[in-house]
Amino acid sequence: MDEVKAMSRAGENVGRAVGTGVKGARHGAVKARTVGSKVSKQAAALAEQELAAHGISTDDLQERITQRATGMSRKELAKRGKKARKAWDKRTAKQRKQLAKSAEVARKELAGRIDPGKPKRRKWPWVVLLLAGAAAAAAAALSRRPEELPIDDGQFPPNEPQGQSPASTENGQVSDKQPHQGSQNH
């Protein structure tokens, strides 16, 4: 147990030392920042005084620096910058649209790979099946119709001899059969 206590005390001591060091570094950074800002303000004021002694203003200095660096005045650079921004905006707008289209296509493709879902049903096989059913129903209806009899135009049917009339029976019904001579049923 002595080792555990010794290690825990060592950890506490190291932690305390690190905390103190970090705190000291923060305070040092704050001091450096304040001193640095004071010194830079003093340097800027001194530079302005030197430029004023030579008859140069800060705006004139900026113009001279841009003229030497680029070979153009600040107005020309502003015009060129405006044109470049417009061209950049057009290009980025086109690229943004293309990216949006590509992202939509990729999203749909990925969604199709993740969850293919049901394939779309095709409707034309049902139309063919419906037409085949209608044709079968029409064929069945036509096959069950009674055959049409020829129209009676007042003449005797062709299978009977023309001179004979159908014989009647005792009950008054007409029979297609010819009575036998000599056999009568009473």
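The values are calculated or read from the model by the stated rules, or taken from the named source; none is laboratory data. Computed from a predicted structure; not experimentally measured. Every residue, glycine among them, receives a Cβ derived from its backbone with ideal geometry; neighbour counts consider all protein chains shown. What goes into the accessible areas is simple: the full protein's heavy atoms, side chains included, and nothing from ligands, DNA or RNA. Shrake-Rupley method; radii C 1.70, N 1.55, O 1.52, S 1.80 Å.
Results, tabulated for the structure shown:
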| read-out | value |
| --- | --- |
| Test: residue in region 74-87 that is over 55 Å from the mean Cα position of the chain (by Cα) and open to solvent by less than 70 Å² (accessible area, probe 1.4 Å) | no |
| Given (1) surrounded by 10 or more Cβ atoms within 10 Å (Cβ to Cβ); (2) at positive phi, index of the condition Gly71 fails | (1) |
| Residue in region 121-138 that is within 21 Å of the chain's Cα centre (by Cα) and either at pLDDT 85 or above or open to solvent by 100 Å² or more (accessible area, probe 1.4 Å) (or both) present | yes |
| Single residue of region 55-112 satisfying the filter (among the hydroxyl-bearing types (Ser, Thr, Tyr) and part of a helix (DSSP H, G or I)) that is nearest to Ala45 (Cα to Cα) | Thr58 |
| Out of Lys118, Lys94, sole residue that is under 31 Å from the mean Cα position of the chain (by Cα), loosely packed, with under 10 Cβ neighbours inside 10 Å and over 26 Å from Glu48 (Cβ atoms) | Lys118 |
| Selected residue [in a helix (DSSP H, G or I), among the aliphatic types (A, V, I, L, M) and surrounded by 10 or more Cβ atoms within 10 Å (Cβ to Cβ)] from Val35, Val4 | Val35 |
